[in-house]
Every structure is written in structure tokens, then in C-alpha cells.
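Peer 1: Take a look at this one; I'll ask things after.
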Amino acid sequence: MENTITGHTRLAALFATPIRHSVSPMIHNTAFQALGIDAVYLAFEVGTDGLEKAIDSIRNLDMLGANLSMPNKIAAVEYMDELSEAARLIGAVNTITNIDGALTGHNTDGTGFMRSLEDIDVDIIGKKITIIGAGGAATAIIVQAALDGVKEITVYNRKDEFYENIKEKLAYISENTKCSITLNDLADKDKLAKDVKESTLLLNATGVGMKPLENQTPIQDFSIIRPDLAVCDVIYTPQETEFLKQARLRGAKTNNGLGMLLYQGAAAFEKWTEKEMPIAIVKPIIENN
Ligand code: NAD
């Protein structure tokens, strides 16, 4: 169906910088058109300086809502009228809904990842998982996994200047959910091997494997990978990192970050429109981008 702009057309937007590479406008506009929803999605170059005014425009222009990406996810928290439980625990917002001028901050990155596991038929509820990395993407996944009922998460990070802060943050998430979450030093190879052995899923949530660290892997000893372990990466460029390749060669079920990207968008779309995003139509846009 052709998209005809009318006097009733509603606006959804992405506020981030840099922004011009984003596939989100194509994803959402394709979905609006496919479902005949009178709305458009535009990307606006907005950094932290312009964020408060941009968020105010959601109310002033009666917009459907907005997505946020770098560098605005954390800064947006203070401008929200309400926060979802996940956004509060993560401390970051990637989706804003507007109900009669009341703005609620959500975070759909974690739900996006959890839904992506259905594509490889992997169930982690009530089980133990191991995650490498503890930055923004990892935190969103950790919080959602904990809220959804994952029993235990062992997180591995390099011992850098953020390590103690991360430890406190993970303790806070653990106290506020029913999930046991611990932070471990990525250099402790024996502990990592033991935790992976007890885990259903091993996830790379670092940027190791994409530019400028392509060809590098977050672990070096791939003997810890077994065929009944699910191995995932948040990275989607390249579509198969060296980490995923090595895991696949050892018989593990693997999945890259495209599903997370797709389903975080689908979750935002569903919050704005109360309609399911037509995944079959939208997925090829992401895969071929
Ligand atoms: P971030 O900067 O917040 O966190 C990066 C994490 O990686 C930290 O834990 C850091 O310690 C670790 N790290 C970085 N370099 C490392 C190295 N050389 N060795 C070991 N650990 C290292 O970044 P982020 O926003 O969490 O993004 C991480 C990755 O997730 C990026 O590749 C990003 O593209 C990807 N991502 C994917 C999606 C998706 O939808 N699939 C969404 C968000 C982010």
C-alpha cells in the first residue's frame, strides 16, 4: 500500500547521533505501510544537548513516540514521566511512548534479544547463562533475562576502571529480581570454563568481533563450546563473527544480533500501534542492509 501523508498522519522518530546509517526508518515505515497505519518514522540528528527539547516535541507535536540510540539512552531517563521496570533497572531508555502527553520510557533491547532466541528454538527460562561484556547491550539483556525468569547469570568482563561500578550495578539488578547475577574477571579462564559447562547459553555482548576488532574473539579457548550449548553474539556486522564461526564449527546452535535488532524494533512498534510488526516483510530489509 502506498504511504499517503494526510492531515492525520502521526510521527514517530529516532533521536540519535550519528544517525544517517540507521535502518530503523526503513523498518518502521515499511511496517506502517504494510499495515495501512497513517504514520511516518523519521530520523533526527539529536545529541545530548538537544535531547530535552527533542523529547518535549513528542508532547508538543502529539507524536506517537520515539526511539533513542547513542548517545541518548541514559540521558533520556531524567526526562521521562514514567519508566518501565526494565528501563528503571537498566538505567536507559530506547523507546518512548506518548499517552496524552505522558511519556513512558521503555527499553526493548532486552526483550528483542529474548525473542531472538525463539528463532533458534532455545529456552533459557529457569536456567543458567553466561554473558561476556557488561556494557549497555549486556545490561539490557541481563535485566530482561532476570525479569523473564532466568535463574542464574554469570557475567564476565575485563577488569577495567568500570569493573567495581558494574559489580554494584549487577548486585542491584540481582537484588531487585529473582536472578542470581555475579561479575567475574574475563581473565579467569578456569572459572569461565566451569560456568560455561553449567550454562545453556554463552553470549558475546562486547564489540569484539566487529570493526575495528574484526577477526578477534572474546574467548580464545573454544574447547569449552559443546554441541548442546547455544552461542549468540549481539554483533550483526559481520553477520557471522569469528566467535560464532568457531562455535558453529563445534556444533553449537548460533545466532547473531540481527534478531535482537529486529525484535527491539518490533517491540517499540507494538507499543506505539498496538499492532504486531509484520516480521516476514521487515526481516529481509535488515538481513540485506
Ligand atoms: P558498551 O561500550 O556499552 O560496552 C562494551 C562492552 O564490551 C564492555 O563490557 C567492555 O568492557 C567490553 N569490551 C570492549 N572491548 C573489549 C575487549 N577488547 N575485550 C574484552 N571486552 C571488551 O557497548 P554496547 O552498547 O554494550 O555495545 C556492545 C556491542 O553490542 C556492539 O558491538 C554493538 O554494536 C552491539 N549492539 C547490538 C545491538 C543489537 O540490536 N544487536 C544493540 C546494541 C548494541
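The values are calculated or read from the model by the stated rules, or taken from the named source; none is laboratory data. All values reported here derive from a predicted model rather than from experimental measurement. Using ideal geometry, Cβ is built from the backbone for each residue, glycine included, and neighbour counts are taken over all protein chains shown. With ligands, DNA and RNA removed, areas are computed over all heavy atoms of the protein, side chains included. Shrake-Rupley method; radii C 1.70, N 1.55, O 1.52, S 1.80 Å.
Peer 1: Would you mind giving the three semi-axes, in whole Å and largest first, of the ellipsoid equivalent to the chain according to its Cα gyration tensor?
Peer 2: Sorted largest first and rounded, they come to 33, 21, 16 Å.
Peer 1: Return the distance in nm (one decimal) between the two label points of a simple spin-label model at Ala102 and Asp119, each offset 7 Å from Cα along Cα→Cβ.
Peer 2: 3.5 nm
Peer 1: Same structure, new question: Would you please give the residues with an amide H less than 5 Å from that of Ala43, counting only those at least 5 places away or on a separate chain, with H modeled from the backbone geometry?
Peer 2: Leu14
Peer 1: Can you give me the relative contact order of the chain as a percent, contacts being Cα pairs under 8 Å and 6 or more apart?
Peer 2: Computed over the chain, the figure is 16 percent.
Peer 1: For the chain, what % of the accessible area comes from carbon and sulfur atoms, probe 1.4 Å?
Peer 2: Solvent-exposed carbon and sulfur of the chain make up 51 percent of the total.
Peer 1: Let me ask something else about it. Could you give me the ³J(HN,Hα) list for the range 158-163, computed from phi with Karplus coefficients 6.51, -1.76, 1.60 and θ = phi - 60°, whole Hz, x at Gly and Pro?
Peer 2: 5, 7, 9, 5, 8, 4
Peer 1: Sticking with this one: Count the DSSP beta bridges whose two residues both fall in the chain, then state the antiparallel fraction as a percent rounded to the nearest 5.
Peer 2: 20 percent
Peer 1: Follow-up question, since we're still on this one. Given the Cα-Cα distance of Lys191 and Glu82 and 0.36 nm per residue of separation, how much length would full extension add, in nm?
Peer 2: Full extension from Lys191 to Glu82 adds 35.3 nm.
Peer 1: If you don't mind, another one. Run the dipole for the range 111-255 about the Cα centre, Lys and Arg Cβ at +1, Asp and Glu Cβ at -1, nothing else charged, and hand back the magnitude in debye, nearest 20.
Peer 2: The calculated dipole for the range 111-255 is roughly 220 debye.
Peer 1: Suppose every Lys and Arg Cβ carries +1 and every Asp and Glu Cβ carries -1, with no other charges. What dipole size does the chain come out with about its Cα centre, to the nearest 20 debye?
Peer 2: Charge dipole, the chain, about its Cα centre: 700 debye, nearest 20.
Peer 1: Name the residues whose placed amide hydrogens come within less than 5 Å of the amide hydrogen of Leu103, ignoring near sequence neighbours (fewer than 5 apart) on the same chain.
Peer 2: Asp81, Glu82
Peer 1: Could you do me a favour and compute the accessible area per residue for the chain, 1.4 Å probe, result in Å²?
Peer 2: I get 47 Å² per residue for this part.
Peer 1: In whole angstrom, how far apart do the alpha carbon centroids of the range 148-168 and the range 223-289 sit?
Peer 2: Here the two parts' Cα centres lie 22 Å apart.
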